[in-house]
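Have a look at the structure below, then the notes.
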Amino acid sequence: MTRIALAGALLLGATTLARAQQPYGAGPYDPAVPAPRSVLGYEVGERFTPHHLLSRYIERVAATSRRIHVDTVARSFEGREVFLIVATSEANQARLEQVRADAARLADPRGTPASELAGVSDRVRPAVYLMYTVHGGEASGVEAAIALLYQLAAGQDAETRMILDSCVVLIDPVENPDGHERHVQDVTRMRGALGLPSAPGAMIQQGSWPGPRTSHYYFDLNRDWFILSHPESRGRVATMLKWWPVTVVDLHEQGFNATYFFTPPMAPVNKNVPESVQRGWDLYAAANIAAFDREGWSFFRREGYDEFYPGYGSSWPIYNGAVGMTYEQASSNGGAIRRNDGTILTLHEAAHHHYTTAWATLLTTAQHARERVRDYLAFRQAAVSDAEGRPQRAIIVERDELGRADSLAMRLLENGVEVQRLRAAADARDAVEFGGGTAPGSLPTGSYVVDLAQPQGVLARALLEPDAELDSAFIREELERRRTGQDDRFYDITGWTMPLAFRVRAWWTRAVPAGSVRVSAADLGSGRPGPAATGRYGYAFRPGSEASLRLLAALLADSVRVWFAPHAFAQGGERFPSGAFVVRAAANSSGVHDVVRRRAAEAGASVVPLASAAADDGIDLGSNSVFPVKAPRIALLGGAPIAGGSFGFAWYAFDQRLGYAVTPVAASAISGALDGFDVLVVPSVSAGALDGVLGESGRTRIGDWVRAGGTLVTLDAATQWLAAEHTGLARLRLRRDTTRADSAGGAPLPAGIPGAIVRAYGDSLSPLLAGVRGDVPVLANSDRVYTAPKDLRAGEAAVRYAPLARLRLAGYLWPEMPPRLAESVYLWTERVGRGRIIGFAGELNFRDQFRGLLPLFANAVLLGPSM
């Protein structure tokens, strides 16, 4: 071989090696940093990477590159690590503490002179946060993150160095490790030896119930940002509040026949999104357009994805001052899929597209670093100054004895929102109550105060304001689209205000009440001690709080005998409302005193020792009206066709809120699965689909089980099945004209409510309402309306929607829906033989968001068999 030929061969070999090292980026590369193939055993984009190999690769890169630092910010419910990869130049890595301190100074500019802020702005290295695969099956993001990590760790080109010198790149390579692992394992099991099937109907494209999109508890983590029900979300929010990024991108996938979406979003856009963020959307869109145009790739903007609900991964950062964006790549499903245009989309291509937009985003941030920092600082300053001139200056939340306001305050603190507490009653002359109502004489001592004039004030307003405003032009367009048979553009719920969701009394005021002191998580985190004295007769605790529900669940699980007192009583200066729980010492073992003390302390519940069965006021505790609470054995119906989200919400409520064991059982095997259970919870499912999987034998088996003493609890759409005449279990019926409302011309129009909060009220004598008093805000999120029978009996319609004039609290309802919904049934219960049915018209465990409704669910499943 000649010298020229040898040189050419060497050059070709070097080019081949560079491509093998990185299929998307540009070299040369640091040979000390392992390329993905050397650790994974395959090129990026050839296979889906399981969590253990992702972990191994991250660790190897971090060990060999001084540009990379790795933290574990959380562990999922299944124990998998949630990583934070910090990529920046070696010089920046050496002063990361100063970088974070500079970012924190800009995040809270109050009290810092303008000259000092200018100096910080000039030297700060802005953080860019890239997050991948929040939905487990949207898995090209993980592969793109691997390629990006290698490029940043090993790339020696000028662009890579400029990005690392100018910015701090934060990478979350797999936001939903549990769901992603389900996807990888499903695809791996279906992968053959002769290549990937590309037919859309192939099993490899389908996955197992309920699919890999969601978390361990089947929650959509892209809706969990301010709710923070999951450790993954808590870890990410804590990361945001530590690094204060100026740009955040959440990289997703969409249907396989689509192309690629990037911001700007479609309407509606939340009114709290500032103009600076919208300018940022255009800046990054221009960079993405240029990158895609160089390759001839297709994309779209301003349709399909909105920016109204503040709980998305792209949205929550916006209210902190970052330019938050969603990027959506068409999914390759199982790794290769034939699209309706005849092309086959592969994982390699999908990951390449995500790599390209991420790189364009990093490069644009580096090129506009000072501009982005100035916009971010201006946002944080305006959050304070603008709120000082707004009518709604502060939100006041009354502190309640059941701890709901404490839980809300803790959630706000975890979102980085400053919270204060009134040391004394304050003037309430300008207070406007959420949902209407008369102004109080004064704002109560101990109430929580959120001054919206704070750097996190925009986020606080978005979460707490009484009603998120929808643009009137958008509503007019939606009504016209609806009339002409087009799909609506409501992407998520339209009502979420946290005081209503937590069922606490709240007001907004034009001024900050005087005499408040700032509170911290430590002020709210201490539980209440167990009873100091031994109760000669026993112990009592009040209903309705999460602490008391956890205590009840723990005592029942410990085989402690507990009684329910349906009438109010008083003893020894302590007053108990109707629905209190009583532990009788003589009816339990001698160790009951220690068990009550320990469980009360663990739950943080207040327990009062009782000296006697005699009440100073009200019914004595030995009354026949005081009935024992049976420790129920509970089954939760799951598997196809049950809605995975509804199943997961209920499962989470049992596991994480109540701490009470529940057994998931498959809908397809229900005929032989009910023996040994006292309660069956049926999550949301279409009536026809449930009938299909149960068959006549399964339906008969459930009916016989209820009549023999079982308690059947149905949620959301499952209540339509319960209310069907052929089921033979309920006298409740679905209103026949509510599946589609009638227009003025008589043509049917869709009437499903896009997640509004409406008022309901309950029967205070029902045990199902124990601990629940006054108005009950609930989520209306369908077109289903139920009517009670003419021979309605006392206690059956336990909760109804409010009359028309007082119905809506927040969010949007189609014009035809309020008069249909008003005064209809939300919670129905009736005796069936020796058993009981309990049906909820809505999803009261929705996303763990409506914490104020937990007592209704807990009472249904824990008290239902004893009523």
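The values are calculated or read from the model by the stated rules, or taken from the named source; none is laboratory data. Because the structure is predicted, anything quoted here is derived from the model rather than measured. Using ideal geometry, Cβ is built from the backbone for each residue, glycine included, and neighbour counts are taken over all protein chains shown. Keep in mind that these areas ignore ligands, DNA and RNA; they rest on the heavy atoms of the full protein, side chains included. Shrake-Rupley method; radii C 1.70, N 1.55, O 1.52, S 1.80 Å.
Quick one: grab the alpha carbon gyration tensor of the range 243-324, order the square roots of its eigenvalues as a ≥ b ≥ c, and give me rounded if a/c is under 1.5, else prolate or oblate depending on whether a/b is larger than b/c. Prolate, since a/c reaches 1.5 and a/b exceeds b/c. Evaluated with a Cβ-only charge set (Lys, Arg +1; Asp, Glu -1), the chain carries a dipole of roughly 1340 debye about its Cα centre, given to the nearest 20. Note on the range 501-583: Cα Rg divided by 2.2 N^0.38 Å, N the number of residues, gives 1.47. A 1.4 Å probe run over the protein chains yields, for the range 262-335, 29 Å² of accessible area per residue, whole-number rounding.
Shape of the range 370-420 from the C-alpha gyration tensor: oblate (a/c of 1.5 or more and a/b not above b/c, with a ≥ b ≥ c the square roots of its eigenvalues).
Each Lys or Arg adds one and each Asp or Glu takes one away; over the other residues whose Cβ falls under 9 Å from the Cβ of Gly45, this sums to -3. Counting only DSSP beta bridges with both residues in the chain, the antiparallel share comes to about 70 percent.
In units of the rule-of-thumb radius 2.2 N^0.38 Å, the range 529-665 shows an alpha carbon radius of gyration of 1.14.
At a probe radius of 1.4 angstrom, the accessible area of the range 546-593 per residue rounds to 36 square angstrom. Per atom type, the range 496-648 shows carbon and sulfur on 52% of its accessible surface, probed at 1.4 Å. Rolling a 1.4 Å probe over the protein heavy atoms of the range 683-805, with every protein chain left in place, gives an accessible area that is 52 percent carbon and sulfur.
Here, P(r) means the percent of Cα pairs in each 20 Å bin from 0 to the largest distance; for the chain it is 14, 44, 33, 8, 1, 0. Nonpolar atom fraction for the range 118-178, defined as the carbon and sulfur part of the 1.4 Å probe accessible area, stands at 48 percent. Does the range 86-184 come out rounded, prolate or oblate by the C-alpha gyration tensor, with a ≥ b ≥ c the root eigenvalues, rounded set by a/c under 1.5 and, if not, prolate when a/b is larger than b/c and oblate if not? Oblate, since a/c reaches 1.5 and b/c is not below a/b.
Among beta bridges from DSSP that stay inside the range 79-214, the antiparallel ones total about 45%. The length gained on full extension between Glu388 and Ala286, counted as 0.36 nm times the residue separation minus their Cα-Cα distance, comes to 33.2 nm. The modelled label-to-label distance between Arg733 and Thr787, using points 7 Å beyond Cα along the C-beta direction, is 0.6 nm.
Per-residue packing, averaged as other Cβ atoms within 10 Å, sorts the ranges 99-112, 795-808 into the order 795-808, 99-112, beginning with the highest. Model label sites at Lys271 and Glu696, defined 7 Å from Cα along the beta-carbon direction, differ in position by 5.8 nm. Here the Debye sum runs over all C-alpha atoms of the range 165-213 as equal scatterers in vacuum, and log10 of I(q)/I(0) at q = 0.15, 0.27 Å⁻¹ comes out as -0.52, -1.03. Summed over the residues of the range 811-867 and divided among them, the accessible surface reaches 20 Å² per residue at a probe radius of 1.4 Å.
How much length is gained on full extension from Tyr42 to Gln656, taking 0.36 nm per residue of separation minus their Cα-Cα distance?
My answer for the length gained is 217.1 nm.
Note that the range 410-510 shows a convex hull volume over its alpha carbon atoms of 137 Å³ per residue. Among 422-431, 360-369, sorting by the average number of other beta carbon atoms lying within 10 angstrom of each residue, highest first, gives 360-369, 422-431.
A crude spin-label estimate for the pair Asp488 and Ser520, with each label 7 Å from Cα along the Cβ direction, gives 4.6 nm. Placing a label point 7 Å from the Cα of Ala587 along the Cα-to-Cβ direction, the residues of the range 594-621 with a backbone N closer than 13 Å are 613, 621. Calculated FRET efficiency, Ile475 to Ala511, Cβ-Cβ distance, R0 = 51 Å: about 0.95 to the nearest 0.05.
Only helices reaching 24 angstrom along their own axis (Cα) with mean Kyte-Doolittle hydropathy no lower than -1.0 count here, and for the DSSP H runs of the chain these are 3-21, 275-295, 347-367, 369-388.
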